[in-house]
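Comments concern the structure below.
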């Protein structure tokens, strides 16, 4: 193990919850090197937790341990687990959908259930902060090499990992249809589930116009013609573009503006986007 | 010393103030391992600084050094000090109430006044950023072992440490009365000063209904019957509960909702909560 | 090199972008010690990026490597560079004005252009996240000592570094005129470009009243008489003051209040402040 431990949660950074988790981890082994993925996951949003893991985990060295605590079911019968990814990182998390993207896109090699008895000594008085009392503690023992992955509870079938519903993007009759998975929060770009490989089927070339429509449920809320660009520098400031984002999926943005704010676009439930080549060209 | 240095402040993370403190500390010894408790303490709020220290400090290894800079009196005659807790951590802070919770709940073993001459070389031009020029510098020297605790200025009586007013919770005629000390900020739960031991005097059992009233000054602003739960999973989503929080005190929440937002509940000055067993049961 | 790597960006902390950069850096060398300056630079605001570098860089040990990614021109022809400061730190950044304050106030000893071929293997599919694929990668190699500064592309003339327009403060006919460069964000103090040395020409002494006027374009939006104070403790709570800030420039504040909020004062473009000794004294 490389002694790297990375925390993610929906706790925010304005109180002492994250620092309490860090203290627990460093009490296990003060030489651990702790980092944070993000603690700004919207409360209880396991989909976002899953997406943010995909955005970061694959870039970390083999043997890095992630602890993700977005846990609407804290204290319930939901399983706690440690997953080992195909790329060699470990993720300690409630098995509640938080592994969905990693499982689908990267792959989980093996998953083990954490025994309910395995927790920090002296923490039995409360059942409401498993981030501190269970997950940070176990993640730290794993990252420190005190506990081997193979010693953590019983393995179970990777196919039994809880998966959130994730509609597939599709290409039919010259039209791509996908969902808006998330926003590039600070910049207001729409990040879709349409991969660059699927987009390639449109046969569009750099600077071609793409005809996009966005739906909230059955209602069309936006239509425009946007430039397919390799970089933001391919368009003017204030001009819309469609491009391959850092997750290798298609995204829609306004150069130095916010597409989501400009057109009041949301994500996930009920939001849909279609793309086709502009016919007039 | 374990070379762990943890910073807390009301500076926020949107400018370079915290990074300047970190640079000063790492210039003292680049092998220090720096962490942050939180930098989102509301400006000048020493009560919150005190509470957040209690939430995190006890979970850190012996020998960890905390630097807390919430300092409405920067440049005034208020003392700067280093406190050693009964559990073996050190806290470098203005002595302005920031040590109140630690002193009361954990205990301070010894406290020493920092001499006014002890500060970073070349920092005399300004008297407005003691976080960088005094506290981070001294905390770093302590954490690095360059300066021993016993060498830091003169000790003074622990009873002279500035204590903020903290009303005691009480149990009278079958009714618990306490204050709302803070919120579990992201989740909107009310964290009271009623300990689980005091609550035990109600004789309530899991799933009993508790009759709670909340007052802002003399005005009752909320009353409801909430379930005493061991975990959030004991109640439905959207149902209110009362539970033992991660500080071993009683808290009131809505499962996956915000109690504070739902009923416009505030904290501290003038806010009061009472709890008794529901009579109808 | 001291293995310290400090990241700055306009990415915010609510998604996985910063953690992806950190993962890339630690994949180069897991023993690097990563810190953050701030990730809350307003999107595309190179002036703010430049100012925050000045606020932090000089306090870090020699050999520290900064990576600053505020990059409105990502994918365009703008140069990427590594600058070595006169004080011995390195800054990896797009050469887009982000070095303006450091160049002017601290000084750049040497600057080298990063070759466009130098980037993380396997990152060619996207041109929109150079923070992860170029800057963090190169900064990590530099901080780890894998790549020497002298081996990073070709040097170019320091005079060719892109400089943002920064009006000079001046003293004429007993009146100081300057700009409001930024706010002490959490506290609402106005940080001007008037240095303490220039202010000294007023001949004001501690507790003298200073007559200040603030203009938005040609319109005067505020005038008041504020106390020249050495520390906040020189004035009452709620009283305005002018003082030498932690950057050795003059700042205007309300003790425990927000001057910027109270009088709706903004920064930079078109905002101007004048100061003179109050004539009535």
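Just so you know, all these numbers are worked out from the coordinates, no wet-lab data involved. Being a predicted model, the structure only gives us computed values, none of them experimental. Positions of Cβ are generated from backbone atoms using ideal geometry, with glycine treated the same way; all protein chains shown enter the neighbour counts.
In table form, for the structure just shown:
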quantity	calculated
Relative contact order (%) - chain A, alpha-carbon pairs under 8 angstrom, separation at least six	16 percent
Average other protein chain Cβ within 10 Å of Cβ, residues A:29-40	5
For the stretch B:68-155: Kirkwood Rh in Å [reciprocal of mean 1/r, alpha carbons]	13.2 Å
Inter-copy spacing of residue C:109 label points, which lie 7 Å from Cα along Cα→Cβ, given in nm from shortest upward	4.4, 4.4
Percent of beta bridges antiparallel (DSSP, the stretch B:4-160, rounded to nearest 5)	50 percent
Rounded to 5, the percent of DSSP beta bridges in the protein assembly as shown classed as antiparallel	75 percent
Quotient of Cα Rg and 2.2 N^0.38 Å for the stretch A:105-157, N being how many residues it contains	1.24
The stretch C:170-277, relative contact order [Cα under 8 Å, separation at least 6], %	37 percent
Shortest-first nm distances, residue B:224 label point to equivalent points in other copies (7 Å, Cα→Cβ)	4.2, 4.2
Antiparallel %, DSSP beta bridges [both residues in chain B], to 5	75 percent
Alpha-carbon Debye profile of the stretch C:51-116, log10 I(q)/I(0) at 0.12, 0.24 Å⁻¹	-0.26, -1.02
Kirkwood hydrodynamic radius (C-alpha pairs) into Stokes-Einstein, the stretch A:219-278, 37 °C and 0.692 mPa s, D in µm²/s	265 µm²/s
Within 10 Å of each Cβ in B:84-94, the average number of Cβ atoms from other chains	0
Taking N as its residue count, the alpha carbon Rg of the stretch A:4-160 over 2.2 N^0.38 Å	0.92
Helix axis angle, C:17-28 relative to chain C longest principal axis, alpha carbon, degrees	50 degrees
Stokes-Einstein D (µm²/s) once Rh is taken as the Kirkwood radius of the stretch C:170-277 over alpha-carbon pairs, at 4 °C in 1.567 mPa s	96 µm²/s
Ranked by how many other beta carbons lie within 10 Å on average, peptides B:134-141, A:240-247 from highest	B:134-141, A:240-247
Degrees between helix C:46-56 axis and first principal axis of chain C (Cα, 0 to 90, nearest 10)	80 degrees
Between the stretch B:117-131 and the stretch A:172-200, the alpha-carbon center distance in angstrom	52 Å
Along each principal axis, Cα extent of the protein assembly as shown, largest first, Å	82, 78, 50
For chain B: span of alpha carbons on each principal axis (Å, largest first)	69, 38, 34
Compactness of the stretch A:1-46 - radius of gyration and Dmax, Cα, Å	11.3, 32
For the stretch B:75-102 versus the stretch C:208-272, the gap between their alpha-carbon centres in whole angstrom	31 Å
Packing-based exposure ordering (other Cβ within 10 Å, fewest first) of B:264, B:3, C:130	B:264, B:3, C:130
Space enclosed by the convex hull of the alpha-carbon atoms of the stretch A:108-194, per residue, Å³	180 Å³
Exercise: per-residue mean of other protein chain Cβ atoms within 10 Å, C:176-186	3
Average Cα contact separation per residue, the stretch C:73-172, under 8 Å, 6 or more apart, as relative contact order %	33 percent
Exam field: residue C:42 pseudo-label spacings to other copies (7 Å along Cα-Cβ), nanometres	2.6, 2.6
Principal axis box of the stretch B:187-243, alpha-carbon based, largest edge first, Å	33, 28, 19
Ellipticity estimate at 222 nm from DSSP helix runs (n ≥ 4, -39,500 (n - 2.57)) divided over chain C, nearest 500	-4000 deg cm²/dmol
